[in-house]
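Just below is one structure, and these are the notes that go with it.
Here, each number is a calculation from the coordinates, and none is a lab measurement. As the structure is a computational prediction, the values presented were derived from the model and not from experiment. Cβ: placed from backbone, ideal geometry, glycine included. Neighbour counts: every protein chain shown.
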Amino acid sequence: QVQLVESGGGLVQAGGSLRLSCAASGIISINIMAWFRQAPGKQRELVVSITTGGGALDADSVKGRFTISRDNAKNTVFLQMNSLTPEDTAVYSCYVDADWRRQFWGHGTQVTVSS
């Protein structure tokens, strides 16, 4: 059974930090793991992605503030978010890309940053 279990969202004041995690199970041959976010009234956007080898690609809006990492042995990806601003408020969803063009999404975790 495929599962993407996300955790770590919540409410934080501006300038604070949160760490999200996403554990994937039931999926083999994972390639890219990533975090997307969707704010109210806006389209979903890629926040940051990471390859199996550790190569990361992040959005300009989070450069220098967010760091992605992964534990390949545990099929888990982490997102360390620092210096959060109210503009970071969104539902953050975990995404996994695996061999044979399989794609999987987590249910999402709410991140709310108060001013």
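Any idea how many residues of the stretch 63-75 are of a type in the set (Val, Ile, Thr) and either assigned to a loop (DSSP other than H, G, I, E, B) or surrounded by 18 or more Cβ atoms within 10 Å (Cβ to Cβ) (or both)? Matching residues across the stretch 63-75 total 1.
Residues that are assigned to a strand (DSSP E or B) and of a type in the set (Asp, Glu): does the stretch 36-45 have at least one? Yes.
Which members of the stretch 1-12 meet the condition of being of a type outside the set (Ser, Thr, Tyr) and either more than 15 Å from the chain's Cα centre (by Cα) or surrounded by fewer than 16 Cβ atoms within 10 Å (Cβ to Cβ) (or both)? It would help to see each step written out before you state the result.
Keep residues of the stretch 1-12 that are of a type outside the set (Ser, Thr, Tyr), which gives 1-6, 8-12.
Residues satisfying the conditions are 1, 2, 3, 5, 10, 11, 12.
Give the residues of the stretch 82-104 that are of a type outside the set (Gly, Ala, Ser) and over 16 Å from residue 46 (Cβ atoms), sorted by residue number. Of everything in the stretch 82-104, those that are of a type outside the set (Gly, Ala, Ser) and over 16 Å from residue 46 (Cβ atoms) turn out to be 82, 84, 85, 86, 89, 99, 100, 101, 102. Of all residues in the stretch 13-62, those that are hydroxyl-bearing (Ser, Thr, Tyr) and either within 15 Å of residue 107 (Cβ to Cβ) or buried (at least 18 other Cβ atoms within 10 Å of the Cβ) (or both) total 3.
Among residues of the stretch 37-72 being among the β-branched types (Val, Ile, Thr) and touching a Lys or Arg at 6+ places or on another chain (Cβ under 7 Å), the one that is farthest from residue 88 (Cα to Cα) is 50. When each of 39, 59, 23 is tested for being closer than 23 Å to residue 2 by Cα and not hydroxyl-bearing (Ser, Thr, Tyr), the lone residue that passes is 23. Among all residues of the stretch 86-104, there is none that is in a loop (DSSP other than H, G, I, E, B) and of a type in the set (Gly, Ala, Ser).
Yes or no: residue 83 out of contact with any helix residue (DSSP H, G or I) (no Cβ under 9 Å at 6 or more places or on another chain), assigned to a strand (DSSP E or B) and either free of Cβ contacts under 8 Å to residues at least 24 places away in the same chain or surrounded by 13 or more Cβ atoms within 10 Å (Cβ to Cβ) (or both)? In short, no.
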